[in-house]
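To start, the structure under review is shown below, and the notes come after it.
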Amino acid sequence: MQRVAIVGIGWYGFRPQTKEVSFREMMFEAAVRAYQDAGGINPREEVDTFISCQEDFWEGISIADEFAPDPIGGAMRPTMTVDGDGLQCLTHAIMHINSGLSDVTVVEAHGKPSDILTLPDIVDFAMDPLYVRKVSPNYHFIAGLDATLFMKEFSATQEDLATVVVKNKENGLKNPRASYASKLSVSDVLEKPYVVYPLTELDIAPYVDGAINIVLASEEVARRYTDTPIWIEGASFATDSANLETATLGKALYLKIAADNAYKMAKIESPSKEIKGAFIDDRYSYKELQHLEALSLTKDPVKALREGQLYPDGDIPTNPLGGHLAEGVPLEASGLALLIDAIEYLRQGKESAIVASWRGVPTFTGAVTVLKR
Amino acid sequence: MSGMKPNIYFNKRVAVVGAGLTLFRRRIWETPQEMSWEAARKALDEAGLELKDIDCVVIGSAPDAFDGIHMKGEYLSHGAGGIRKMVSRVFVGGATGVMTPIAGWYHVASGLCSKVLVVAEEKMSPGRPHPQAVFKYIWDPITEKPLNPNLIWIFAMEMHRYMKAYNIKKEDIALVSVKNKNNAIDNPYAQIPAKITVEDVLKSEVLVWPVQLLDISPVSDGAAAMVLVGEDQARQLTDTPVWIEGVGWTLDSTGWPGRDLAYPRYLEHAARMAYKMAGIERPYKEIDVVEPYDPFDYKELHHLEGLMIAKRGEAPKLLKEGVFDRNGDIPSSPSGGLLGVGNPIAAAGLMKTISIYWQLKGTAGKMQVKKPVHTGVAQAWGDLMQASTVIVMRN
Amino acid sequence: MVTGLKDEDLKKVYTVTYKPNAKYGYSAGQAYSVFLQGLKDGKILGRRCNKCGRVYVPPRMYCEYCFRPTDEWIEVKDEGIVMTAVASFISWTRERLETPEIVGVIRLYPSRDNDFVYPGLFHRICTTYEKVKDMSIIGKKVKAVWKPKEQRVGSINDIECFKEVE
């Protein structure tokens, strides 16, 4: 396995509404910025393969991959779609490069939830049609089940969950992509009514429109495009036993499997010592804590939070740019949103970071990427 | 211009060591998960492996709207064996069935995975009022969907353009349907094998002129699976591995009304990518057996031209001469193709790949072509007349 | 082994029916918003890339070949050549139609006979089944038949169809 470098990033949107552009125009805007960031790379000539991460029912188009190639420079080129989170696409890109297929691969993901008029019904539609769909009027019930068990196993309180919300929304205040950043108190969170116990509406990250484009290159050619490549040392993804009745609740087993594989690839033996920043899915407040444990960054995430270790100046800075609670959830671009945060963090001089995504309810799928400067 | 690296630099040789199919039928009782399970189990059995031996799973499935489940890959992962493993789904419309083994190939060739289970599934029958209705939503939602299109329009428009550009007659095209449905008689998985005549095709119900009922593959449910491993593993598992030696794919632009539909240039591009990797310079001489995508009869001819096995506009002539018969020089769709076996979209493309694998292994039974075969090609097609995927295999 | 069902078997098995509530408000964006306004005004508008000269109809704000923004709006003619035409005897839900619906692709002017790419529209064609069947409509010059101004709403359906011109 050779290392793969990230040589360019670009984004557009990260606002609750982006009515001024179509999803395709949004993809183009992100792509232009990424190619400029990659030293002005020409996608028509210098990119070998293109991968878009998307799902038909998020787009409102059957076979939505029809629309993938043109806005990213991938028409009449090897362009393909992975139905997954952007970080899963990233791992596919690493495989394109390591198989010998490609020297430069582009990964794209976007989300335009403001175009979806019935978003909760679309989430319901992802549930098993025979056993699970419509058992509850509120799709967050699966997160509620998971959160309750997590809180029991780790002795977490609702104050702990609210503290995550307050921390991340405040961290987002210095992040240009964090539309939902704000300065709140723990009681502000606790005073909100429950959406599903134990989660209030502030414990749940809102949706956001955004498009992201990432340029990856093999070790041999990376320096052609940038003097400051970010290296991917390890990457993987995994799905737990996907049916609700057989999946693990309380712990994020999907992320543990993915992380163990990624650490093995990166030859990391003690993650908590070697990782200097965690950019991890927090679309529900408790998920940040649950995911930290699955990533083996701490055995007791609740204690780490209470001791201040998860703040930007702590031992395990977690979502120092605000995570999804501050930026929102741009559907399949979610993992790449966290990745961009991590890259900016590394470009500011930090040494290493981990990025970990989850595809949200009702999935038990997550992806991990380990980065070094 | 960055090009494809020559094949000598490829990291690892990848072999197919097992495959399995379900019956293809208009309606299957079992759920999509159960169908995936059956195909996966059969592929593992042929490979002599258990699920615990598999480290990664690749799923292929076309529109979620057919099975009626959003994020269908997540749902299918359970039946497909993607349990507590690295599993993901790839999607390039109708071309997905061949993209799935291509993705399986790079999972192994990259060194990230050692034994990969590739599973493709489609259950088209649940769609109401008719599975056809799903296809209204594949068009541009602003400039095309308001015209209330159906899928067959796409094929009819392309077929008529092809006929006009190269002066091809409907009776020449109908021969594909006759050949493939007849080939399917020897395929134990086939949904609509039949002995028919050109006359039958020309007399069948007119759906969208020039497309008639017998020009077309049916609505189907079905699943297919394959096991891929690296060279070291392959030698331990079997004496007759079949190697994946070339892969290629290309998506043309979304704006299909703005380009000539007479020739699939994107397929030529995909084929050149795969041939370059496999070291094929003269496809019409070096390819022994081919499974081009044939959801409609003219498509097989269109694709034989895009694959550069026939010159533009000349595939019908070669067909008439018997070149593409099971006993011909370049047998085409010896499985019976989608026209005879059925068309559960992604599963149909993987079925074509499996057909070539069985031909090269010599285990195709009554479907086995007469001539000795060394190099085979499978191909699929999709999206808005814009996507093609090509895989080259050798024994 | 999976089990194939025949029509009569469907009564013997359980079927769970579900109709997804999937509704979207697609952002038309910069290119299509102007295009739709143009249709309302009785014009077909395209975008030109000044680098390769290609005219995009329906319009794009970017050139997919050059990967750069397209440069200017141009009004193309509402007439062109029929590239292909078909006659549909089934509806989108596959019900039988008594009178066939005729649709096809029109290569709009400005463009040339041998162009592989061109400004092109997918639309209805007002012609007869016979002319589709004998392919005589393919290659013929056609012109847009517009809905009356007061009935136009900014939709591809503001054009009734394209009709042969003598």
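Just checking, which of B:M351, B:M393 is surrounded by 24 or more Cβ atoms within 10 Å (Cβ to Cβ) and closer than 19 Å to B:R282 by Cβ?
Testing whether each residue is surrounded by 24 or more Cβ atoms within 10 Å (Cβ to Cβ) and closer than 19 Å to B:R282 by Cβ leaves just B:M393.
Within the stretch A:187-199, which residues are in contact with a strand residue (DSSP E or B) (Cβ under 7 Å, 6 or more places away or on another chain), touching a residue at least 12 places away in the same chain (Cβ under 8 Å) and of a type outside the set (A, V, I, L, M, F, W, C)?
none
Any residue that is within 14 Å of chain B (Cβ to nearest Cβ) and either touching a Pro at 6+ places or on another chain (Cβ under 7 Å) or outside any strand (DSSP E or B) (or both) - is there at least one of those in the stretch A:285-300?
Looking for residues that are within 14 Å of chain B (Cβ to nearest Cβ) and either touching a Pro at 6+ places or on another chain (Cβ under 7 Å) or outside any strand (DSSP E or B) (or both), one finds at least one in the stretch A:285-300, hence yes.
If we keep just the residues of the stretch A:19-40 that are in a loop (DSSP other than H, G, I, E, B) and surrounded by fewer than 24 Cβ atoms within 10 Å (Cβ to Cβ), which is farthest from the other protein chains (Cβ to nearest Cβ)?
In this case the residue turns out to be A:G39.
Is there a residue being more than 13 Å from chain A (Cβ to nearest Cβ) and more than 30 Å from B:A165 (Cα to Cα) anywhere in the stretch C:52-61?
No, there is no match, as no residue in the stretch C:52-61 is more than 13 Å from chain A (Cβ to nearest Cβ) and more than 30 Å from B:A165 (Cα to Cα).
Given the residues C:S111, C:S136, which is the only one that is over 20 Å from C:V76 (Cα atoms), over 17 Å from the mean Cα position of the chain (by Cα) and either within 11 Å of chain B (Cβ to nearest Cβ) or buried (at least 19 other Cβ atoms within 10 Å of the Cβ) (or both)?
Among C:S111, C:S136, only C:S136 is over 20 Å from C:V76 (Cα atoms), over 17 Å from the mean Cα position of the chain (by Cα) and either within 11 Å of chain B (Cβ to nearest Cβ) or buried (at least 19 other Cβ atoms within 10 Å of the Cβ) (or both).
Does C:D71 satisfy the condition of being among the charged types (D, E, K, R) and farther than 25 Å from A:G73 by Cβ?
So C:D71 does not fit the description; no.
Any residue in the stretch A:208-225 that is over 22 Å from the mean Cα position of the chain (by Cα), in a loop (DSSP other than H, G, I, E, B) and hydrophobic (A, V, I, L, M, F, W, C)?
Looking for residues that are over 22 Å from the mean Cα position of the chain (by Cα), in a loop (DSSP other than H, G, I, E, B) and hydrophobic (A, V, I, L, M, F, W, C), one finds at least one in the stretch A:208-225, hence yes.
Out of C:V2, C:V16, report the one residue that is within 11 Å of chain A (Cβ to nearest Cβ) and closer than 30 Å to B:Q191 by Cβ.
The match here is C:V16.
Within the stretch B:118-126, is even one residue of a type outside the set (A, V, I, L, M) and farther than 27 Å from A:W58 by Cα?
no
Take the stretch A:58-105 and flag every residue that is within 22 Å of the chain's Cα centre (by Cα), away from chain C (no Cβ under 14 Å) and assigned to a loop (DSSP other than H, G, I, E, B).
Hits for the stretch A:58-105 are A:D83, A:G84, A:D85.
Tell me whether the stretch B:156-172 contains one or more residues that are more than 7 Å from chain C (Cβ to nearest Cβ), within 19 Å of B:G94 (Cβ to Cβ), in contact with a strand residue (DSSP E or B) (Cβ under 8 Å, 6 or more places away or on another chain) and not polar (S, T, N, Q).
yes
State which residue pairs qualify: first residue over 10 Å from B:R326 (Cβ atoms) and inside the stretch B:368-379, second residue of a type in the set (D, E) and buried (at least 19 other Cβ atoms within 10 Å of the Cβ) in any location, beta carbons under 6 Å apart, and separation of 6 or more residues or different chains.
Taking only residues 6 or more apart or on different chains, the pairs are B:V373/B:D288; B:H374/B:D288; B:T375/B:D288; B:A378/B:E291.
Looking at the structure I just gave you, is B:L267 modelled with pLDDT of 95 or more, more than 14 Å from chain C (Cβ to nearest Cβ) and either over 21 Å from B:V211 (Cα atoms) or out of contact with any Asp or Glu (no Cβ under 6 Å at 6 or more places or on another chain) (or both)?
The answer is yes for B:L267.
With the condition kept exactly as written, say whether any residue in the stretch A:308-319 is assigned to a helix (DSSP H, G or I), modelled with pLDDT of 95 or more, among the hydrophobic types (A, V, I, L, M, F, W, C) and closer than 19 Å to A:D203 by Cβ.
Scanning the stretch A:308-319, I find no residue that is assigned to a helix (DSSP H, G or I), modelled with pLDDT of 95 or more, among the hydrophobic types (A, V, I, L, M, F, W, C) and closer than 19 Å to A:D203 by Cβ, so the answer is no.
Please state which one of B:A346, B:A310 is small (G, A, S), closer than 18 Å to B:A270 by Cβ and in a loop (DSSP other than H, G, I, E, B).
Just a single option satisfies the conditions, and that option is B:A310.
Residues checked against (1) touching a residue at least 40 places away in the same chain (Cβ under 8 Å); (2) closer than 24 Å to C:C126 by Cα; (3) assigned to a loop (DSSP other than H, G, I, E, B):
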position: C:V2; (1), (2), (3): no, no, yes
position: C:K11; (1), (2), (3): no, no, no
position: C:A31; (1), (2), (3): no, no, no
position: C:G38; (1), (2), (3): no, yes, no
position: C:R60; (1), (2), (3): no, no, yes
position: C:E75; (1), (2), (3): no, yes, no
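Just to check your reading of the model, which residue among B:E231, B:E268 is farther than 25 Å from C:F89 by Cα, in contact with a Lys or Arg (Cβ under 6 Å, 6 or more places away or on another chain) and of a type in the set (D, E, K, R)?
B:E231
Within the stretch A:274-290, identify whether any single residue is under 24 Å from A:S155 (Cα atoms) and surrounded by fewer than 23 Cβ atoms within 10 Å (Cβ to Cβ), and answer yes or no.
no
Which one is surrounded by the most Cβ atoms within 10 Å (Cβ to Cβ), of the residues in the stretch A:120-157 that are touching a helix residue (DSSP H, G or I) at 6+ places or on another chain (Cβ under 6 Å) and more than 10 Å from every other protein chain (Cβ to nearest Cβ)?
Only one residue fits best here, namely A:A147.
Quick one: B:V219 ticks every box in (1) modelled with pLDDT of 95 or more; (2) within 17 Å of the chain's Cα centre (by Cα) except a single one, so which number is it?
Failing condition for B:V219: (1).
Which residues, counting only those in the stretch B:115-133, are surrounded by fewer than 24 Cβ atoms within 10 Å (Cβ to Cβ), among the small types (G, A, S) and more than 23 Å from C:I90 (Cα to Cα)?
Selection gives nothing.
Which ones in the stretch C:86-99 are assigned to a strand (DSSP E or B) and either among the hydroxyl-bearing types (S, T, Y) or within 7 Å of chain B (Cβ to nearest Cβ) (or both)?
Residues satisfying the conditions are C:V86, C:A87, C:S88, C:F89, C:I90, C:T99.
What about A:F50, is it surrounded by 24 or more Cβ atoms within 10 Å (Cβ to Cβ), more than 9 Å from chain C (Cβ to nearest Cβ), within 29 Å of A:V221 (Cβ to Cβ) and among the hydrophobic types (A, V, I, L, M, F, W, C)?
Yes; evaluated as a whole, the condition is true for this residue.
Considering every residue within the stretch A:259-279, establish whether at least one is part of a loop (DSSP other than H, G, I, E, B) and within 14 Å of chain B (Cβ to nearest Cβ).
Scanning the stretch A:259-279, I find no residue that is part of a loop (DSSP other than H, G, I, E, B) and within 14 Å of chain B (Cβ to nearest Cβ), so the answer is no.
Restricting attention to the stretch C:26-47, does a residue exist that is under 15 Å from B:G258 (Cα atoms) and within 14 Å of chain A (Cβ to nearest Cβ)?
Checking the stretch C:26-47: at least one residue is under 15 Å from B:G258 (Cα atoms) and within 14 Å of chain A (Cβ to nearest Cβ).
Answer with yes or no whether B:A380 is assigned to a strand (DSSP E or B), within 23 Å of B:D252 (Cβ to Cβ) and of a type in the set (A, V, I, L, M, F, W, C).
Judged against the criteria, B:A380 is a match.
List pairs: first in the stretch A:244-263 and over 25 Å from A:S352 (Cα atoms), second in a loop (DSSP other than H, G, I, E, B), Cβ under 6 Å, 6+ apart or cross-chain?
A:L244/A:V132; A:A247/A:D240; A:A247/A:S241; A:A247/A:F364; A:T248/A:D240
The values are calculated or read from the model by the stated rules, or taken from the named source; none is laboratory data. Keep in mind that what you see is a predicted model, and the values were worked out from it rather than measured. For neighbour counting, all protein chains shown are included, and Cβ atoms are generated from backbone atoms with ideal geometry for every residue, glycine included.
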